[in-house]
């Protein structure tokens, strides 16, 4: 059995995998409970996404550095090859992007609860479990397509956040129309607010 550490993306309301994977459950529990993940909601799951360990969120005492983000995600810091960098331009992170659709789920009555009580953490856990069960499908799109969508729907917003990826909710028919204009005719999303919830999700590659 392979176990994995996941971190919570508050803007998307969901967990995503890190590269911390192992058959040693106790070791992953130790890492998840360490100072490395201070300030971040984290959990350890098995291959069936069953939650085996979720330590309480602890306050981070200092700003998260690039090396800290890399360690938290379990990825190395590398210099991009010249083929990925345009002459005269600074090196930039490559961005992975996807559209995700879920069955409609109930909104949490506490969208931003404090992490200072067992009740608040339980509410977040229950909402995330609901999202996991509601997920229908994911569609890969390019970073250029995601950037076009973001520039039209969420101007002056970067695709990546301070602690890696971001999640953007596509919450209106007008927003869905913009997505379809950018992705059409290859991909067309069907917007039905009563039945589905769409997200644009990004992460560093």
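The values are calculated or read from the model by the stated rules, or taken from the named source; none is laboratory data. Note that the structure is a prediction, hence the values are computed from the model and not measured. Cβ: placed from backbone, ideal geometry, glycine included. Neighbour counts: every protein chain shown.
Within segment 146-191, how many residues are part of a loop (DSSP other than H, G, I, E, B) and either at pLDDT below 85 or closer than 30 Å to residue 71 by Cα (or both)?
So the count comes out to 19.
Give me a count of the residues in segment 183-205 that are in contact (Cβ under 8 Å) with a residue 40 or more places away in the chain, surrounded by 15 or more Cβ atoms within 10 Å (Cβ to Cβ), more than 16 Å from residue 154 (Cα to Cα) and touching a helix residue (DSSP H, G or I) at 6+ places or on another chain (Cβ under 8 Å).
Residues meeting the conditions: 4.
Listed here are the residues, each with its yes/no results for (1) exposed (fewer than 13 other Cβ atoms within 10 Å of the Cβ); (2) more than 19 Å from the chain's Cα centre (by Cα); (3) not assigned by TED's automatic domain parsing to the domain that holds residue 14.
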{"residue": "146", "(1), (2), (3)": "no, no, yes"}
{"residue": "150", "(1), (2), (3)": "no, no, yes"}
{"residue": "155", "(1), (2), (3)": "yes, yes, yes"}
{"residue": "160", "(1), (2), (3)": "no, no, yes"}
{"residue": "169", "(1), (2), (3)": "no, no, yes"}
{"residue": "175", "(1), (2), (3)": "no, yes, yes"}
{"residue": "178", "(1), (2), (3)": "no, yes, yes"}
{"residue": "181", "(1), (2), (3)": "yes, yes, yes"}
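Looking only at segment 32-52, count every residue that is touching a helix residue (DSSP H, G or I) at 6+ places or on another chain (Cβ under 9 Å) and either part of a helix (DSSP H, G or I) or in contact (Cβ under 8 Å) with a residue 60 or more places away in the chain (or both) and tell me the total.
The total comes to 6.
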